[in-house]
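In what follows, a single structure is set out as C-alpha cells and then discussed.
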Amino acid sequence: MIRPATVADAGAIGEVHVASWRAAYAGLIPDDFLAGLSAESRAASWARLIGDGGRVLVAEEDGVIAGFAAYGDGRLYALYLLPEYWGRGLGRALHDRVVADLSGDRAVLWVLATNERAKAFYIRQGWVDDGVTQTETVDDGRVTLEERRFSRPLP
C-alpha cells in the first residue's frame, strides 16, 4: 500500500533512510560516516518536513513501512527502501505514484555518481542522465558526494 506519510511515520522513515544508506552506499561513502548515521536524527528531520506539509509517501507491506519517497516542485528528492524489500516492486510503485503526482513538463532527481544500482533503476523508469553534475559535502565537509542529474518528461 502506498499512502501519504504522517508525522507518526517519521521514526520508521528514519530507520528506512539509515538502513538503505548503509546498504546502498557501502563502499561508495566512507564506512565511518555510514556507521555514524542516526535514525533518530533522520526521524526528527522527517517529522519536521511532514509536519510542515512536505510531500512524503510511504510504502507499507504487512504493517511494515518498507520504503518512502519525498518529492515536490518537479523533483524527486528521495526514494529509499529497506534492503530486504529491494527488487520486489515497491520502489517502482513509489516511483510511479510520485511521477503521477508531480506537476510540470519535466522532473529531475540527483543520484550519487557511483551508485550504479540506483542509476539503472531510474533508467528503467524512463529517466535520462542529462550530463549535469554537482558536488555536495556532508559531515561538516569531511565527505564529498559527486552527483549526476537525471531528468524525464512528466505525463
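The values are calculated or read from the model by the stated rules, or taken from the named source; none is laboratory data. The structure presented is a predicted model; accordingly, all values stated were derived computationally and were not measured. Note: ideal-geometry Cβ built from the backbone for every residue, glycine included; neighbour counts use all protein chains shown.
Of note:
- Looking across Arg142, Arg55, one residue alone is touching a residue at least 40 places away in the same chain (Cβ under 8 Å) and over 14 Å from the mean Cα position of the chain (by Cα). It is Arg142.
- Residue, nearest to the chain's Cα centre (by Cα), within the range 67-85, restricted to residues that are touching a residue at least 40 places away in the same chain (Cβ under 8 Å) and not in a strand (DSSP E or B): Leu82
- Selection count, the range 126-139, where residues are closer than 18 Å to Ala78 by Cβ, surrounded by fewer than 17 Cβ atoms within 10 Å (Cβ to Cβ) and at pLDDT 95 or above: 1
- Complete set of residues in the range 1-21 that are aliphatic (A, V, I, L, M) and touching a residue at least 60 places away in the same chain (Cβ under 8 Å): Met1, Ile2, Ala5, Val16, Ala19
- Test: residue in the range 44-55 that is at pLDDT 95 or above and polar (S, T, N, Q): yes
- With respect to being of a type in the set (Val, Ile, Thr), within 23 Å of Val143 (Cβ to Cβ), assigned to a strand (DSSP E or B) and in contact with a strand residue (DSSP E or B) (Cβ under 8 Å, 6 or more places away or on another chain), Val58 falls outside the description.
- Ala100 falls short on exactly one of the conditions (1) farther than 12 Å from Ser151 by Cβ; (2) surrounded by 15 or more Cβ atoms within 10 Å (Cβ to Cβ); (3) of a type in the set (A, V, I, L, M), and that condition is (2).
- In the set Tyr80, Tyr71, only one residue is surrounded by 20 or more Cβ atoms within 10 Å (Cβ to Cβ), over 27 Å from Arg142 (Cβ atoms) and among the aromatic types (Phe, Trp, Tyr); that residue is Tyr71.
- Residue match in the range 57-70 (condition: of a type outside the set (Ser, Thr, Tyr) and more than 17 Å from Ile2 (Cβ to Cβ)): no
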